[in-house]
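One structure is given below, encoded as structure tokens.
The values are calculated or read from the model by the stated rules, or taken from the named source; none is laboratory data. Being a predicted model, the structure only gives us computed values, none of them experimental. We place every Cβ from the backbone using ideal geometry, glycine too, and count neighbours over all the protein chains shown. With ligands, DNA and RNA removed, areas are computed over all heavy atoms of the protein, side chains included. Shrake-Rupley method; radii C 1.70, N 1.55, O 1.52, S 1.80 Å.
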Amino acid sequence: VDIISKIEFNKIDMEVKGDMYEHLAARLATAGRIGSFRTPRHIIRTIVKMVDPKLGQKVCDPACGTAGFLLAAYEHIKSQNSKTTLKNVVAENGDNYQKGKGDLLGEKDWDILQENTFWGFDVSPDSIKIAIMNMLLHGLAAKNVSRRDSLAGGADPEEEMNWDVILANPPFAGEVSLERLRSVLPIKAKDSSILFVGLMIESLKPGGICGVIVNEGLLFGRNKSAVALRKLLLETMALQAVVSLPQGVFNPYAGVKTSFLIFKNTSKPTQKVWFYEVANDGYTKGTNRKPDPSKNDLPDLLSKWPERKVSEKSWTVEGEKIKENNFILSSSTYKPESRGNKQNLREPKKILKEIEIVNIELGKQIKLIEKLI
């Protein structure tokens, strides 16, 4: 208390206060004091860069937790509108990104950012309290952030709203009572991850874009609701990217295997899907993750994303092929068999000849055994 009492918080830079608070929120999540687990900030930044939200767009996170995605979108928009205050930042995992204070924004622009840009909902009252304080300490009004169940409950004004940008990491393992589901949901299921992605498809404006983290099971599950969701996604949206994340990227909170999807509401079905397999994200693998910038595929992902370049880690698949394969979206399903150096393999005819010789010898040995018996 004596140490804290000497700190003059009103003189501390807004970014520093925000960073301090996020650090405390992360510690709370690690200790299990709040229900949700924290989405790694380097993963959030990557998704936000790929989605590229802009000033004037309405951004929503229907499962906002402590507002990580909303704040990253805010920082992204500010950096897009900065010149004299723009600076390059190198994260501990080796990621490069830019930060700025939005010096090119006018008074009306700031009003739009503060009042009419960011919406966030979460069912947890504790998460919402932390989210609101987190946003305030980053200098962002939390006018449109509130406790709300995005999946269940009676009709409300927010139910009818649509968004230019949706960014989210919805719960993976939650279950919702079918009787309480909102009527706007296009697919009825008990699995909350299926419900959330369905909600995002339904509430995305024409031309809008979504970046969402999903558990791997959603991409290849053969139950009716999972297949129906993937069918809806590919037939009504333009699924642009499926990015496979390394196992354990959410450690120490959870070891679940995840991917994230980028899709756009173009009013046309998916023609091609770009897959990218992230093997390393700049941290060591295991429960106690430590920075390892020498092993980081995220900068390569971002460099290849604009032109959807094909490489050892990325490939493109026709929408028709995915449709024929029960709409499965797991990246490993379509990974080309050989991306490395061509190997010196023997001719099939020679291999077959060797098998014939072995079979003849085997037949002789079996006859000898029969005689002995």
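Points worth noting:
- 0 to 90° range, to nearest 10: angle between helix 14-30 axis and the chain longest Cα axis: 50
- Three-way shape call for the stretch 64-152 based on the alpha-carbon gyration tensor, with the a/c threshold at 1.5: oblate
- Summarising the label geometry, the points placed 7 Å from Cα in the beta-carbon direction at ASP292 and GLU361 lie 4.3 nm from one another.
- Per-residue packing, averaged as other Cβ atoms within 10 Å, sorts the ranges 156-165, 348-357, 228-237 into the order 228-237, 156-165, 348-357, beginning with the highest.
- Candidate lysines for bridging to LYS6, where Cα separation is under 17 Å - those fewer than 8 sequence places away on the same chain excluded: LYS17
- Crossing angle, helix 224-236 versus the chain [Cα axis fit, 0-90 degrees, rounded to tens]: 70
- Accessible-area ranking of GLU361, GLU370, largest first, probe 1.4 Å: GLU370, GLU361
- Calculated FRET efficiency for the pair GLU370/ALA152, C-beta based, R₀ 51 Å, to 0.05: 0.10
- In percent, rounded to a whole number, the relative contact order of the stretch 156-287 is 23, using alpha-carbon pairs under 8 Å and six or more apart.
- Net charge in the neighbourhood of LYS58 (other residues with Cβ under 10 Å of its Cβ; Lys, Arg +1, Asp, Glu -1) is 0.
- Once volume of the Cα convex hull per residue in Å³ is calculated for the structure shown, the corresponding label among [x] 222; [y] 153; [z] 189 turns out to be [x].
- Prolate/oblate/rounded label for the stretch 218-264 (Cα gyration tensor, a/c 1.5): oblate
- Crossing angle, helix 68-80 versus the chain [Cα axis fit, 0-90 degrees, rounded to tens]: 70
- Net +/- balance of residues flanking ILE322 in space, Cβ distance below 12 Å, scoring K and R +1, D and E -1: +1
- FRET efficiency estimate (nearest 0.05) - Cβ-Cβ, ILE7 to LYS99, R0 25 angstrom: 0.60
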